[in-house]
Amino acid sequence: MTALAFYLFAGVLIASAVMVVTARNPVHAVLYLILGFFNAAALFLIAGAEFLAMILVIVYVGAVAVLFLFVVMMLDIDFAQLRRGLQRHAPFGAVIGGILLLELLLVVALWRLAPEAAALRAAPVPPAVDNTEALGRILYTDNIYLFQLAGLILLVAMIGAIVLTLRDRPGTKRQDIARQIARPGRIDLLRVPTGAGIATTGILRPEPAEAPAAAKPVAHQPQGEGH
Amino acid sequence: MNWTLALPEIALAVSAMAILVGGVLPRRDTTFPAHIAALGALLLAAALTLAQDRGLAFGGQYVADGFSTFAKLLILFGAAAGLALAQEWNARQGIARFEFPVLILFATTGMMVMVSAHDLIALYLGLELLSLPLYVIAAFDRDNPRSAEAGLKYFVLGALASGLLLYGAALVYGFAGTTRFDRLAQLLADPARVSAGVVAGMVFVLAGLAFKVAAVPFHMWTPDVYEGAPTSVTAFFAAAPKVAAFALLARVLTGPFGGLEAQWQQVLHLAALGSMVLGALAALGQQNIKRLMAYSSIGHVGFALIGLAVGGEAGLRGTLLYLAIYMVMTLGVFGVLLCMRRGGRAVEGIGDLAGLGRTDPALALAMAVFMFSMAGVPPLAGFFGKLYALLPAVQGGFWTLAVVGVLASVVSAYYYLRIVKVMYFDAPLPAFDARPVAVSVVVAGAGLFTTFFFLFPAPLIAAAQAAVAALMG
């Protein structure tokens, strides 16, 4: 049964990995990547490393893959252009891949463990404890100092990102939902002909609350107060 | 679990977080109260450091001894002075925000962790906790492309250095099987167990730390970052982090890698020689005074490295004394630089100091004292710093280091004295804007220390001696 599950997950993992590279649509590629991560997590579960499985799903699927999706959707990258030289560069890539494979095989073949290594481990896995709990025990007791320091570093990173990017310009348009709902006046539905452009249809900008100036046609969609 | 030993660090980190919350929540500008609270937190940490017990904590990852107390007090003093200098300047420059003191506090926590590190992981985390806020405050004037460039450059090169250090630490761990300093020292004391892997790892760790102190092969970032970062930030960079990195170097070299002295001595020898020569020659043609101070700091790092390269109690004592004196001088110099503001705009050319002797005699006198002291003119403090750094080299027979050191200080005297000449003999430019009070206080204090150090050198020398004894004992 375990073997069946292993081959199932491993097969899907390899198939989705191939699809990541070959998919024409970059969004599909990222979705295949997510599928691959889930299958890898399942393989970790089979191996008895449930902590790694959780981390893989939380970190890679929850954060990294979503970030990839953002980048793919927000940046205007022409992936077809990027992939144009695939055929031409394939032999070169194959050579590099072959060398890497050879080196990996060498590592696996020549791998030796010092016989006394197992006995020398500073933090052996305690018996009758699953590995999440074992990690938690060592992280929150012996290494609490280092753990808290790492937390402080992450906090500093967060402060730094905010300090360097958050801007409080006087002209910033913030959505004030309460005001938006309480706004007097009427809302009209307009039928916009396809390709007519907003400026020509006569949609007017909502009046600013402080200084009601003459409403003027705008070139972007008005959505309540600002955006 | 004797976590109370780490009370200074804990207090500093907690107060930094409290100031952060206190700065975010109110809907008004909290920059000034945040600065004052940060100064209070540094004072509290200093008091706790003085009252600290000695010993190991957190399973041997943290050490508190006489050496760490000495270095921490220096660091806290440097950070407090840097913060006091920065407040008014940032406000006038329009970059004052409450995150600045918070980041300084976190950086100071990182420095204290570095000084008390007794484990390679703690060393690395402390270094990162120091570096990350520094990257951010280098780019603090974010609308100024030079500041943003400085931050980015510092970040990229700093990340590279962290990578080197981490790689070295991994090699050491892989070949030695432990990251604890005392166990490493025990292991490496036996020459039979020193493998090439450990030596390579140690060299990588040294490279990462040399980057932090800006010693010669790893100095490239210094001029650009010093010039690009806001002057208030440069003042902070030049003082406390150098002390922390040197203290860490001293601890790592005498503790875990004490058995590898023959190997690291060569590395430090070259780094010290290169730093002194480059610091002396590259500064000659500079027109921007912050850039000049950057090259000057590289030169001073070379002098401080002499003591480490020579080793022994006298050498280490020389390094500590040099650092303490250099920190005070450099804070004074940057205090003067922070006064360089004409018509509401900060100026930083050497030519802008022209005629300061007539427009602001007190400031010019202080600057002249610092310049003479940095050049090593007796009886100012800088002379004693150089004396205590070079004397062990002469006594230990390190003639190259001593001769190059003397020659480098002769060459560097040219550009220090050129500033004095510009201040007193060039046609005066319009006067600078009024000085902030805090800056005047710091400059005056540093000036008095530099001038009258020769009358009362004993307490500092005794403190450095005790610190070194605690480290070596």
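A few points about this structure:
- Using the Karplus relation 6.51 cos²θ - 1.76 cosθ + 1.60 with θ = phi - 60°, the per-residue 3J(HN,Hα) values for the range B:28-38 come to 10, 6, 10, 5, 5, x, 5, 4, 5, 5, 5 Hz, with x marking Gly and Pro.
- Counting neighbouring beta carbons within 10 Å and listing from fewest to most, the residues A:D176, A:D168 come out as A:D168, A:D176.
- Principal axis box of the range A:1-160, alpha-carbon based, largest edge first, Å: 53, 47, 33
- Burial ordering of B:F106, B:F456, fewest other beta-carbon atoms within 10 Å first: B:F456, B:F106
- Sorted by Cβ density within 10 Å, fewest first, the residues B:W399, B:W221: B:W399, B:W221
- Summing charges over neighbours of B:Y388, with a neighbour being any other residue whose Cβ is under 15 Å away from its Cβ, gives +1 when K and R count +1 and D and E count -1.
- Average partner coverage of A:156-166, which counts Cβ from other chains inside 10 Å: 6
- In the frame of its principal axes, the range B:3-472 has Cα extents of 68, 57, 41 Å, reported largest first.
- Listed residue (B:S147, B:F67, A:T2) projecting farthest to the positive dipole end of the protein assembly as shown, Cβ model: B:S147
- The packing ranking, built from the mean of other Cβ atoms within 10 Å per residue, places the peptides B:192-198, B:449-455 in the order B:449-455, B:192-198, highest first.
- Estimated vicinal HN-Hα couplings, Hz - the range B:165-176 in sequence order (Karplus 6.51, -1.76, 1.60; Gly, Pro = x): 4, 5, 4, x, 5, 5, 4, 4, 5, x, 8, 9
- Across all directions, the average flat footprint of the convex hull enclosing the Cα atoms of the range A:1-77 is 4.9 nm².
- Over every Cα atom in the protein assembly as shown, the radius of gyration and the widest Cα-Cα span, Dmax, amount to 29.7, 93 Å.
- Inter-part distance where the range B:210-270 and the range B:275-330 are each reduced to a Cα centre, Å: 10 Å
- The range B:326-473 pair-distance distribution - Cα-Cα, 5 Å bins, rounded %: 2, 9, 16, 19, 17, 14, 9, 7, 5, 2, 1, 0
- Helix B:261-282 vs. chain B, principal-axis angle (Cα, 0 to 90°, nearest 10): 10 degrees
- Computed 3J(HN,Hα) for the range A:141-157, one whole-Hz value per residue from the Karplus formula 6.51 cos²θ - 1.76 cosθ + 1.60 where θ = phi - 60°, is 10, 5, 10, 4, 4, 5, 4, 5, 4, 4, x, 4, 4, 5, 4, 4, 4, glycine and proline marked x.
- Peptide-level mean, for A:138-149, of C-beta atoms on other protein chains within 10 Å: 5
- Per-residue average of Cβ from other chains inside 10 Å of B:115-127: 2
- Selection from A:I159, B:A239, B:L209 lying farthest towards where the dipole of the protein assembly as shown points positive, charges on Cβ: A:I159
- Percentage relative contact order, chain B, counting C-alpha pairs under 8 Å, at least six apart: 15 percent
- Alpha-carbon centroids, the range B:340-419 and the range A:131-176: separation in whole Å: 42 Å
Taken together, the values in this text are just the output of simple stated rules run on the coordinates, not laboratory data. Every value quoted in this text rests on a predicted model; they were computed, and no experiment measured them. Reconstructed Cβ throughout: ideal geometry from the backbone, glycine too, with neighbour counts over all protein chains shown.
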